[in-house]
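Working notes, beginning with the structure itself.
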Amino acid sequence: MLRAIARSNVFKQHRASFKAARFYATAKVALDAKLETPTDVEGAAQELAQVRATTEQVKASTSNALKHAFQEKTGFGTRPIYLDMQATTPTDPRVLDTMLKFYTGLYGNPHSNTHSYGWETHKEVESARQHIANVINADVKEIIFTSGATESNNMALKGVARFYKKTKNHIITTRTEHKCVLEAARSLKIDDIDVTFLNVDDQGMVNLEELESAIRPETCLVSVMAVNNEIGVMQPIKEIGKICRKHKVFFHTDAAQAYGKVPIDVNDMNIDLLSISSHKIYGPMGIGAIFVRRRPRVRLDPIISGGGQERGLRSGTLAPSLVSGFGEAARLMQKEYAADTAHIRRLSEKLTRGLLSIEHTSLNGSPEHHYPGCVNVSFAYVEGESLLMALRDIALSSGSACTSASLEPSYVLHALGKDDALAHSSIRFGIGRFTTDEEIDYVIKAITERVAFLRELSPLWEMVKEGIDLNSIEWSGH
Ligand SMILES: Cc1ncc(COP(=O)(O)O)c(C=O)c1O
């Protein structure tokens, strides 16, 4: 009955607005609506939670952190399946185990060099720094700790541009960068620094010839992200590094989504600056790093003034617990690279096959140059927001966290030439180290059922089924 009522109301409402505007939204679901699908959402989610809470690994473990992580209770009832790994990753319990000692015994300031409390934490900080450097074949002295990739990206763009601006006042980046790169680049206008924003093709790829021809004698920096956070597209970093080195321009890459997940060698790839975020690699939030090349030396104006810590580039007392958790997370990324990569690739292929077997769905971004842990799919004739609401038992996002908050269609998908309708009907699925086969099976089934359910409510879908070519319809605007 609910289906019948919803169907007729939504249907009538949208029929009425059809003539007024070309409207992408097909069916909105009220917040409190109970969906009539064959899936017992709550029951299934509880079952899943049960499976996860009683895994052999947790039972056998002596780690309090592991037990805590899997038995966490929140005020939000049974927790949904987590598939939002680009927003953040769950802290690896082994990382938390590493961090706890700093909240009990090891409380010295790592910059205190007159007593053993300082020496102890300093030693731990330097060991973490080494682990972080190893992942990208950097020298330990080239790693500077920051609060996260947002700060690292700001440092790279503002720092380099301001240091060199007297002789070189131009930088190049792309339209599909994370907001923090785009905004940092735009903010340079007040320093009279000119910015070129390169377009990408319909697969999300930068054109190397365009990039090379955008370089001018006054260009000081090229910033191109390694893996895109919305569509998982991998840019040709090595080729870009080569071009930049040839023209003696510094090359920065935002590797927040790539570090530890795809192979990166800063020397082989001629990368001069690289941004890292700890919470994207199962480490704690609130910490990140920037790799700054020493030879040939990259100079930057620090954005924070103070005691001159971190080679004078980032003043402020380090947080040893965060640093050490980040270091352990990096060590684990390197140690478990082969296993993580195989696991994520297998689940990604299963998920992609399952989702693309639903009619009128398409994968966004290049399928070849692609990090498999990020799968972005458009479900035509279903509004993404309604689909997300119909999928409250699965934690997903329709794009980057800040974009989805504003409910603007994704600027990344726009840059690929997708229209509002398709951009609004796209969902990002993030797969990680702790994602299970059962979760992927559940998600494929749930999406298949609920896409079909929502399309049933959609007048557009009805027209498609009747064989009407939607492009042939003359829509009148307000
Ligand atoms: C590509 C990319 N760059 C930068 C950031 C910002 O990272 P952080 O949260 O460490 O500031 C993110 C996080 O969403 C990201 O995905």
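Each value in this text was obtained by applying a stated rule to the coordinates, not by laboratory testing. This is a predicted model, so every value here is computed, not measured. Cβ sites come from the backbone with ideal geometry, for glycine too, and all protein chains shown count toward neighbours.
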Q. What is the Cα coordinate range of region 98-335 on the first, second and third principal axes, sorted by size from largest, in whole angstrom?
A. 56, 37, 28
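With a cut-off of 8 Å between alpha carbons and a minimum separation of six or more residues, what is the relative contact order of region 98-335 in percent? Show your work: numbers first, answer last.
On the way: 469 pairs, mean separation 66.7, N = 238.
In percent, rounded to a whole number, it is 28.
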Q. Measuring from a point 7 Å past the Cα of residue 117 along Cα-to-C-beta, which residues in region 305-325 have an amide N at less than 16 Å?
A. 317-321
Q. Say R0 is 22 Å: what FRET efficiency, to the nearest 0.05, do residue 414 and residue 363 get from their beta-carbon distance?
A. 0.80
Q: Would you mind ranking 155, 99 so that the residue whose beta carbon has the fewest other beta carbons within 10 Å leads the list?
A: 99, 155
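Which of 261, 158, 101 has the fewest other C-beta atoms within 10 Å, and how do the rest follow up to the most? Each step should come with its number before you reach the end.
Details: 261 26, 158 21, 101 15.
Sorted ascending by nearby Cβ count, the order is 101, 158, 261.
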Q) By count of other Cβ within 10 Å, fewest leading, how are 240, 287 ordered? A) 240, 287
Q: Kindly provide the pair-distance distribution of region 215-360 built from C-alpha pairs, with 5 Å bins from 0 and whole-percent values in order of increasing distance.
A: 2, 8, 14, 17, 18, 16, 11, 7, 4, 2, 1, 0
Q: Round to a whole angstrom and tell me the spacing of the C-alpha centers of region 211-269 and region 108-178.
A: 17 Å
Q. With r defined as the distance between the Cβ atoms of residue 130 and residue 345 and R0 fixed at 25 Å, what FRET efficiency is calculated, to the nearest 0.05?
A. 0.30
